[in-house]
Amino acid sequence: MPLIDTHSHVIAYWDDGSPNWEISLDMLRDAESDGIEQIVCTPHILSRQEMEQDKADEVWGLYEDLVQRAAKAGIAVNIFMGAELYAAPDLKLDHKIATLAQNGKYFLVEFPMASIPVFAPQLFFNFVIDGKTPILAHPERNSGFLEDPHKAYDYVERGAFFQVTAGSLLGRFGATVQNLAIQLMDANLVHLVASDAHNLTSRPLKLAEAYKFVEEKWGKPRADKLFYENPLQVIAGETISIGEPKEIDLQPAQNWQNKVKSFFGMKTR
Ligand SMILES: [Fe+2]
């Protein structure tokens, strides 16, 4: 089964990912030999300023440079462009790098590691009712979900997708993070697994080992869905059937009003 990666910091000279084009090309060679056929570049966009036209054009230019260099090097990986947007109350999707592969529907967003922002439910709700799907990067590494895993269910039930990092499933971020990643998998709260590659060593552009782990623990159809089918549909901007999420800890809300209230942080149960 081919693999598709929807989270990588393989563009050089932008963020804390690849430091130069040689390493970028080696990361892509790693991906190719690992069975990855398509990747989305998701450079960190940390502020509104980085989404201003000139900065967005600058990172787009780096993307085009990478695509040309990869073609010249004979690397057979399809490379798409996107971004990993840092959650902010004024987050907007008004530049072509904002959604994955410029599909206008799916965007990758990260929270600060130490908490779930108080504005996040409202922010996500506004996007979802507008037909945009937030894909939350590495929820299993966020302190808010680690302390209170049942919050994960609320986000997914109201339309967010969860993207777990391959290394988290393999224990590369410690047992606590691995445990939450497994809990999220058990609860059907994971929609994509991605590399979040930053380099050639500690955070490589590889997925095959995590695919094997998922295949052995949850079966091949599930692994194919998370590492190929869902990523393919996300890149194409198609609607994905994700199945029913399960609560990790709590009973389901009694009615829709309660769900809406809890979505805005006004818990009634
Ligand atoms: Fe990332």
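The values are calculated or read from the model by the stated rules, or taken from the named source; none is laboratory data. Small disclaimer: the values here were computed from a predicted structure and weren't measured. Neighbour counts run over all protein chains shown; Cβ positions are idealised from the backbone, glycine included.
Can you find a residue that is modelled with pLDDT of 95 or more, farther than 21 Å from Met1 by Cβ and in contact with a Ser or Thr (Cβ under 7 Å, 6 or more places away or on another chain) anywhere in segment 184-196?
No, because not a single residue in segment 184-196 is modelled with pLDDT of 95 or more, farther than 21 Å from Met1 by Cβ and in contact with a Ser or Thr (Cβ under 7 Å, 6 or more places away or on another chain).
Wholly within segment 157-220, which helices (runs of 4 or more DSSP H) include no fewer than the required count, namely at least 2 residues that are aromatic (Phe, Trp, Tyr) and in contact with a helix residue (DSSP H, G or I) (Cβ under 9 Å, 6 or more places away or on another chain)?
Values: elements: 166-169, 175-186, 208-218.
So the answer is 208-218.
Working only within segment 10-27, note down all residues that are out of contact with any Lys or Arg (no Cβ under 9 Å at 6 or more places or on another chain) and aliphatic (A, V, I, L, M).
Let us first name the residues in segment 10-27 that are out of contact with any Lys or Arg (no Cβ under 9 Å at 6 or more places or on another chain), namely 10-16, 18-20, 22-23, 26-27.
Correct list: Val10, Ile11, Ala12, Ile23, Met27.
Just checking, which of Glu64, Glu58 is surrounded by fewer than 18 Cβ atoms within 10 Å (Cβ to Cβ) and either modelled with pLDDT of 95 or more or within 16 Å of the ligand (Cβ to nearest atom) (or both)?
Values: Glu58 fails: either modelled with pLDDT of 95 or more or within 16 Å of the ligand (Cβ to nearest atom) (or both).
Testing whether each residue is surrounded by fewer than 18 Cβ atoms within 10 Å (Cβ to Cβ) and either modelled with pLDDT of 95 or more or within 16 Å of the ligand (Cβ to nearest atom) (or both) leaves just Glu64.
Where in segment 72-135 are there strands (runs of 3 or more DSSP E), lying fully within it, with 2 or more residues that are in contact (Cβ under 8 Å) with a residue 12 or more places away in the chain and within 17 Å of Gln233 (Cα to Cα)? I'd like the intermediate steps shown before the answer.
On the way: elements: 78-81, 84-86, 106-110.
Because the criterion is at least 2 residues that are in contact (Cβ under 8 Å) with a residue 12 or more places away in the chain and within 17 Å of Gln233 (Cα to Cα), the strands (runs of 3 or more DSSP E) in segment 72-135 that meet it are 78-81, 106-110.
Can you pull out every residue in segment 152-208 that is within 16 Å of the ligand (Cβ to nearest atom), among the small types (Gly, Ala, Ser) and under 18 Å from Ile116 (Cα atoms)?
If the condition is that a residue be within 16 Å of the ligand (Cβ to nearest atom), among the small types (Gly, Ala, Ser) and under 18 Å from Ile116 (Cα atoms), then Ala181 is the only one that fits.
Within segment 107-133, track down each residue that is within 15 Å of the ligand (Cβ to nearest atom) and of a type outside the set (Val, Ile, Thr).
First, pick out the residues of segment 107-133 that are within 15 Å of the ligand (Cβ to nearest atom): 107-113.
Of everything in segment 107-133, those that are within 15 Å of the ligand (Cβ to nearest atom) and of a type outside the set (Val, Ile, Thr) turn out to be Phe107, Leu108, Glu110, Phe111, Pro112, Met113.
I need a count of the residues in segment 1-38 that are within 13 Å of the ligand (Cβ to nearest atom) and either among the basic types (Lys, Arg) or over 16 Å from Gly167 (Cβ atoms) (or both).
Of all residues in segment 1-38, those within 13 Å of the ligand (Cβ to nearest atom) come to 5-11, 14-18.
From the residues that got through so far, the ones that are either among the basic types (Lys, Arg) or over 16 Å from Gly167 (Cβ atoms) (or both) too are 11, 14-15, 18.
The total comes to 4.
Considering Ile75, Ile97, which residue is of a type in the set (A, V, I, L, M, F, W, C) and away from the ligand (no atom under 16 Å from the Cβ)? Can you show your working first?
On the way: Ile97 fails: away from the ligand (no atom under 16 Å from the Cβ).
Just a single option satisfies the conditions, and that option is Ile75.
Quick one: how many residues across segment 136-156 are assigned to a loop (DSSP other than H, G, I, E, B), surrounded by fewer than 22 Cβ atoms within 10 Å (Cβ to Cβ) and of a type outside the set (Asp, Glu)? First the steps, then the outcome.
Start the filter on segment 136-156 by keeping residues that are assigned to a loop (DSSP other than H, G, I, E, B), which leaves 138, 142, 148-150.
So of that shortlist, the ones also surrounded by fewer than 22 Cβ atoms within 10 Å (Cβ to Cβ) come out as 148-150.
Right, trim to of a type outside the set (Asp, Glu) and you get 149-150.
Of the residues in that region, 2 qualify.
Using beta carbons and a limit of 8 Å, which pairs, at least six apart or on different chains, have the first residue in segment 153-164 and within 17 Å of Asn126 (Cβ to Cβ) and touching a residue at least 24 places away in the same chain (Cβ under 8 Å) and the second one of a type in the set (Asp, Glu) and part of a helix (DSSP H, G or I)?
none
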